[in-house]
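Okay, structure first, notes after.
No value in this document is a laboratory result; all are computed from the given coordinates. What you see is a predicted model; the values in this text were computed from it and never measured. In this analysis, Cβ positions are derived from the backbone assuming ideal geometry, glycine residues included, and neighbour counts consider all displayed protein chains.
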Amino acid sequence: MIKYDKLVRDKIPEIIEHGGKQCEIAKVHGAELNSYLENKLHEEVGEYIEAKNLEELADIMEVLYGLAHSLGYSEQDLNECRADKYNKRGGFNKGIILKEVW
């Protein structure tokens, strides 16, 4: 038996059971959910830094959507906020490094 204490995607228990195994789960809400989501974000960012691939970026986005939802926002709210900031301040596509302001 392998023990875990980490947030997993919603369909993971189903997938485990379809694989012929059993699992024990718990559900968290509110501040406890936010804590698990923040831990998951650290985990996924670490996986991205190691693998540097699109799949890990998608995992990071999914965690961000989960955080938004737990704070009372929708995916659309998060995407609209991102787009608004992009329109006002730009993105990070040009690789601009601010060195000094005087």
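The table for this structure:
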{"quantity": "Candidates LEU54, LEU37, filtered to the one that is touching a helix residue (DSSP H, G or I) at 6+ places or on another chain (Cβ under 8 Å) and of a type outside the set (Val, Ile, Thr)", "calculated": "LEU37"}
{"quantity": "Residues within the range 51-69 that are within 10 Å of the chain's Cα centre (by Cα) and of a type in the set (D, E, K, R), tallied", "calculated": "3"}
{"quantity": "Filter result for TYR48 (of a type outside the set (A, V, I, L, M, F, W, C), more than 15 Å from LYS6 (Cα to Cα) and in contact with a helix residue (DSSP H, G or I) (Cβ under 6 Å, 6 or more places away or on another chain))", "calculated": "yes"}
{"quantity": "So GLU43, is it closer than 18 Å to ASP10 by Cβ and more than 8 Å from the chain's Cα centre (by Cα)", "calculated": "yes"}
